[in-house]
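Enquirer: Got a structure for you, written out below as C-alpha cells; questions coming shortly.
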Amino acid sequence: MSDAAAEEAPVEEQEHHDEASDDAGSSEDLGTPGPPIDRRAPFYLGFFGGLGALTAWWLGTTLLSISSTLLLVVVALFLAAGLNPAVEALVRRGLSRSMAVLAVIVAFLVVVALFTVAIVPVITDQVAAIGQNAPGWFDQLQSNERVQQLNDEYQVVDKARDYVAGGDFVGTLFGGALGIGLAVLGALFNAFIIIVLTLYFLASMKATTAGLYRLAPASRRDRVSKLGDRVLAGIGGYVSGAFVVALAAGLSSLIFLFIVGLGEYAVALAFVVALLDVIPMIGATIGAVIVTAIGFATDPTIGLACLVFYVVYQQVENYVIYPRVMSRSVDLPGAVIVIAALVGAALLGVVGALLAIPTAAAILMLVREVFIRRQDAA
C-alpha cells in the first residue's frame, strides 16, 4: 500500500467515527418519544370539554345578539321564494331569467309605491276617524243594561273611554313622542332591509341554490338538488297562496263594508282583515271580531250583518278558497298545522306562526322522501 493511501485511510475512519458520534449524541439529546396523550384522561376531557362548552356558549350568545337581523334575512328569503313562482311562470312563457326577474322586481316596487302613495294616507285618515268616534261608541255600549252593570262594578268602559279620548294612548304605547318616532324609523328601516334582501335573493336565487347544492357530496347532489327544489317550490307556493287568500279576504271585506254602510272605515278595516288573515288559525277570527265590534258600535243592524257575513265567509275560505289555493304547496294534516303554528308563535311570535307551516311541510316532505323510504327499503 502506498504512503498516500495509508494516510487517507485513518482520515476516512476518523470522519465516519465523528458522524456516528454526532448521530448518537443527537439521539441521546432528544430522547425517545413518550406514549401518546390518553384522550380518556380527566385533564384532557375536562380541558377540551370546557373549551367546547365555552365555544358553544359564545356561538349561542352571538346568534342571540343578531337574532333580529337573522329574522329579517329569513323573512326576505321566504318573500323571495314567494315571488319566485312568478319569475318561473314568466320564464316558461319565453322570457330569459334576467328579464323575468327584472319584470317581477319592477312590478313589486310599483305595487309597494302605489300602496304607500295611495292607500297609506287613506288608512291613516280612517284610523284617525276610528279614534275620534271611539268615545261615542263607548257611550252607546253603556246604554246596554248588562254592560252598564259591569261598568258600575269595574269601571271598564269609563277607563277605556278616558284612555282613548285622552289622545295619548298611542304615545303611551310606544313610549312618548320620541318612542313613536323611533318605532316608525325602525319599522321603515326593517321594511327597507327586507325589500332590498328580497330583491337580492330573488335575483340570485339560481346561483344561491346551486352554490348550496354543491356542498352535498357528488354522489348525492342530484337527489339533494331535486329535494331542495321541491322544498323551495313548496315554500314559494305557500307564501304566494297566503297572499292570494289574504287578498281575497281583504277585497271581499272592502266590498261588503261599502255595501253595509261602513264606507268611512272600509279601506282601513279591509286592510286590517287582509293583514290578519295571513296569520294561521286565529288571524281571520281576530279581524272578523274587530270589524264586527265596530259594526255593532255603529249600528246593531250593521254589526249583525258583519257577524253573519264573516261566519259565512270563513266557512267559504276554510273549505273552498284555502284548500284550492294551498293544495299544491302544503300537504299537512290539520293537527300538524295547529301544532306547527303554536310552536312557531311561541318561538318567534307572529313571524314564527307565518313561517311555521311551510317549514313543517318541508320537514314532513323530507321525512317522507328520505327517512321513510330508507325504512321501507331496510
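The values are calculated or read from the model by the stated rules, or taken from the named source; none is laboratory data. Source: prediction; values computed, not measured. Neighbour counts are summed over all protein chains in view; Cβ atoms, including those assigned to glycine, are modelled from backbone coordinates with ideal geometry.
Enquirer: Checking the condition hydrophobic (A, V, I, L, M, F, W, C) and under 30 Å from V260 (Cβ atoms), which residue from V343, V325, V367 passes? Outline the logic, then answer.
Expert: Values: V343 fails: under 30 Å from V260 (Cβ atoms); V367 fails: under 30 Å from V260 (Cβ atoms).
Selected residue: V325, the only one of V343, V325, V367 that is hydrophobic (A, V, I, L, M, F, W, C) and under 30 Å from V260 (Cβ atoms).
Enquirer: Identify all residues within the stretch 221-248 that are among the acidic types (D, E) and either farther than 16 Å from I363 by Cα or crowded, with 18+ Cβ neighbours inside 10 Å (or both); write none if there are none.
Expert: If the condition is that a residue be among the acidic types (D, E) and either farther than 16 Å from I363 by Cα or crowded, with 18+ Cβ neighbours inside 10 Å (or both), then D222 is the only one that fits.
Enquirer: Listed residues D3, D29, D38; which is modelled with pLDDT under 85, surrounded by 10 or more Cβ atoms within 10 Å (Cβ to Cβ) and among the acidic types (D, E)?
Expert: D38
Enquirer: Answer yes or no as to whether A76 is at pLDDT 50 or above and touching a helix residue (DSSP H, G or I) at 6+ places or on another chain (Cβ under 6 Å). Don't jump to the end; show me each part of the working.
Expert: On the way: at pLDDT 50 or above: yes; touching a helix residue (DSSP H, G or I) at 6+ places or on another chain (Cβ under 6 Å): yes.
It is true that A76 is at pLDDT 50 or above and touching a helix residue (DSSP H, G or I) at 6+ places or on another chain (Cβ under 6 Å).
Enquirer: Okay, next question. Which numbered condition in (1) at pLDDT 85 or above; (2) in contact with a Gly (Cβ under 6 Å, 6 or more places away or on another chain) is the only one that V196 fails?
Expert: (2)
Enquirer: Being part of a helix (DSSP H, G or I) and modelled with pLDDT under 80 is true for just one of T208, T172. Which residue is that?
Expert: Criteria check complete, one pass: T172.
Enquirer: Tell me the residue from L215, L254 that is part of a loop (DSSP other than H, G, I, E, B) and either modelled with pLDDT of 85 or more or assigned by TED's automatic domain parsing to the domain that holds G82 (or both), please.
Expert: On the way: L254 fails: part of a loop (DSSP other than H, G, I, E, B).
Criteria check complete, one pass: L215.
Enquirer: Kindly evaluate I282 against the criterion of being at pLDDT 80 or above and under 29 Å from the mean Cα position of the chain (by Cα).
Expert: When the stated conditions are applied, I282 does not pass them.
Enquirer: Which pairs do you get when a residue that is under 13 Å from L77 (Cβ atoms) and in the same structural domain as V74 (by TED's automatic domain parsing), found in the stretch 184-202, comes within reach of a residue that is acidic (D, E) and surrounded by 11 or more Cβ atoms within 10 Å (Cβ to Cβ), reach meaning Cβ atoms under 6 angstrom, with the pair 6+ apart or on two chains?
Expert: Filtered contacts from the stretch 184-202: no entries.
Matching residues to (1) surrounded by fewer than 17 Cβ atoms within 10 Å (Cβ to Cβ); (2) of a type outside the set (G, A, S); (3) in contact (Cβ under 8 Å) with a residue 60 or more places away in the chain:
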residue	(1), (2), (3)
A297	no, no, yes
V330	no, yes, yes
I357	no, yes, yes
R374	yes, yes, no
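Enquirer: Is it fair to say F271 is at pLDDT below 85 and in the same structural domain as N318 (by TED's automatic domain parsing)?
Expert: Judged against the criteria, F271 is a match.
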